[in-house]
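Colleague: My questions all concern the structure below.
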Amino acid sequence: MVQTATLPLMLKQLRLSSIARHWQAFLGKAERNGWDSAQYLTALCEQELADRYSRRIARYGKESHLPAGKSLASFDFAQVPGLARAQIEALAGSSDWTRQARNVLLFGASGVGKTHLAAAIGHGLTEQSVRVRYFATTALVQQLQLARKQLRLEDALHKLDKYAALILDDFGYVKKSEQETQVLFELIAHRYETGSLIITSNQPFTEWDRIFPDQMMTVAAVDRLVHHATIIEVSSDSYRRKEALGQVAGEAATGTAPETTTIPPSATTTSPSTGARTGEGCPEPAPSG
């Protein structure tokens, strides 16, 4: 005769935590609804899979270090005329391009919403069980420099392989020094056709000689990045400035105002973007301010 007293222990050993929590409640439900054994087992397995999915999404979201609140729902596309919303939504809503190790390159002046868009794409990917990691580029470069000094750069690069997509924010702020740019180039070369990069930069390709110490390295880095890439130009007045102006207008309408209000000057004023395109060569995004 089958003994059920050891069932909780066996479920724990099998790491079926959701079934362990729900099997008794589901048993009562099965009796009330006239389920046969197969239906009862199916319902338990569905619960186990659903709970595992939820835990995995929560874990991936936590490890991603993505900025909180920067989703597509919170991005005001009306403030960035010409931006191809459908393409951004497609990148966030499908992970096919990460399986192909394609890149996404977001160019534009400071404050136009590049970080928000990159983070929104990252959040969309994590919801599809894709592992993503966000970095400020300078911070990652410092980590890789330290790994090189400790003779473990290769190990550090391989540890990043577990992430299908790496977000390198503010790429243009890397200092032009041989130590920094060399590890950055090695990261780009290591990820080439093996993992996706999402890069935001306020520097067009023509200015990347300010990042890399020599022309050959610049050309090689750009070539690897754009070979399989979607290039998106975000041209607008400062998105942050517009948000600040909108907030001030709202406070004026309600008769309230902060004690002090500081609105940063617009970084640049450019014509609306033509949207996004797929690069197979070395296209030039709109110059930054």
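Colleague: Can you find, among 144, 20, 107, the residue farthest towards the positive end of the dipole of segment 20-154? Put +1 on the C-beta of Lys and Arg, -1 on that of Asp and Glu.
Modeller: 144
Colleague: Listed here are the pairs 149/175; 62/159; 62/114; 62/162; 62/176; which of them are more than 24 Å apart at the Cα?
Modeller: The pairs that break the limit, which is 24 Å between Cα atoms, are 62/176.
Colleague: Give me the distance in nm between label points sitting 7 Å out from Cα along the Cα-to-Cβ direction at residue 159 and residue 128, one decimal.
Modeller: Distance between label points: 2.8 nm.
Colleague: Take the Cβ-Cβ distance between residue 76 and residue 189 as r, set R0 to 45 Å, and report the resulting FRET efficiency rounded to the nearest 0.05.
Modeller: Once the sixth-power term is evaluated, E becomes 0.75.
Colleague: Taking the Cβ-Cβ separation of residue 175 and residue 86 as r and a Förster radius of 41 Å, what is the calculated FRET efficiency to the nearest 0.05?
Modeller: With R0 = 41 Å, the Cβ-Cβ based efficiency is 0.65.
Colleague: How high is the relative contact order of segment 132-194, in percent, with contacts defined as C-alpha pairs under 8 Å that are six or more residues apart?
Modeller: Value for segment 132-194: 48 percent.
Colleague: Further, regarding this structure: Only Lys, Arg, Asp and Glu count, each charged at its Cβ (+1, +1, -1, -1), so figure out the dipole size of segment 111-165 about its Cα centre, rounded to 20 debye.
Modeller: 160 debye
Colleague: Ordered by residue, what ³J(HN,Hα) values in Hz, to whole numbers, does segment 72-83 give under the Karplus form 6.51 cos²θ - 1.76 cosθ + 1.60, where θ = phi - 60° and Gly and Pro are x?
Modeller: Values per residue, Gly and Pro as x: 5, 5, 9, 8, 8, 5, 5, 7, 10, x, x, 6 Hz.
Colleague: Give me the distance between the Cα centres of segment 19-33 and segment 54-120, rounded to whole Å.
Modeller: 41 Å
Colleague: Which value, in debye to the nearest 20, describes the size of the charge dipole of segment 24-73 about its Cα centre when Lys and Arg Cβ atoms bear +1, Asp and Glu Cβ atoms bear -1, and nothing else is charged?
Modeller: The dipole magnitude comes to about 360 debye.
Colleague: Could you go through segment 153-165 in sequence order and give the Karplus-derived ³J(HN,Hα) for each residue, using 6.51 cos²θ - 1.76 cosθ + 1.60 with θ = phi - 60°, rounded to whole Hz, and x for Gly and Pro?
Modeller: Going residue by residue, I get 4, 4, 5, 5, 5, 5, 5, 6, 5, 5, 9, 5, 9 Hz, with x marking Gly and Pro.
Colleague: Could you tell me whether segment 89-237 comes out rounded, prolate or oblate from its Cα gyration tensor? Rule is a ≥ b ≥ c as square roots of the eigenvalues, rounded for a/c under 1.5, then prolate if a/b exceeds b/c, otherwise oblate.
Modeller: Verdict is oblate for segment 89-237.
Colleague: Within segment 39-142, report the GluC sites (Glu not before Pro) that DSSP leaves as loop and that have at most 16 other Cβ atoms within 10 Å.
Modeller: Passing sites in segment 39-142 are 127.
Colleague: Do any trypsin sites (Lys or Arg not before Pro) in segment 111-154 lie in a loop, going by DSSP, with at most 14 other beta-carbon atoms within 10 Å of their beta carbon, and if so which?
Modeller: 152
Colleague: While we're looking at this one, here's another question. If each of residue 29 and residue 14 carries a label point 7 Å out from its Cα toward its Cβ, how far apart are those two points in nm?
Modeller: Here the modelled spin labels are 1.8 nm apart.
Colleague: Between residue 139 and residue 46, take the C-beta separation as r, use R0 = 45 Å, and let me know the FRET efficiency to the nearest 0.05.
Modeller: After rounding, the FRET efficiency stands at 0.60.
Colleague: I've got another one for you. 5 Å is the cut-off here: which amide hydrogens, built 1.01 Å from N in the peptide plane, fall below it relative to residue 94, excluding neighbours closer than 5 in sequence?
Modeller: Those qualifying (amide H under 5 Å, at least 5 residues apart or on another chain) number zero.
Colleague: OK, next. Grab the Cα-Cα distance for residue 215 and residue 56, subtract it from 0.36 nm times how many residues apart they are, and report the gain in nm with one decimal.
Modeller: Gain on extension, residue 215 to residue 56, equals 52.9 nm.
Colleague: Starting from the amide H of residue 229, placed 1.01 Å from N in the peptide plane, find each other amide H under 5 Å away whose residue is 5 or more places distant or on another chain.
Modeller: Distant-sequence amide H within range of residue 229: 103, 279.
Colleague: Just need the relative contact order of segment 1-156 here, percent rounded to a whole number, with Cα pairs under 8 Å and 6+ apart.
Modeller: Reported relative contact order: 24 percent.
No lab work stands behind these numbers, since they all come straight from the coordinates. This is a predicted model, so every value here is computed, not measured. Cβ: placed from backbone, ideal geometry, glycine included. Neighbour counts: every protein chain shown.
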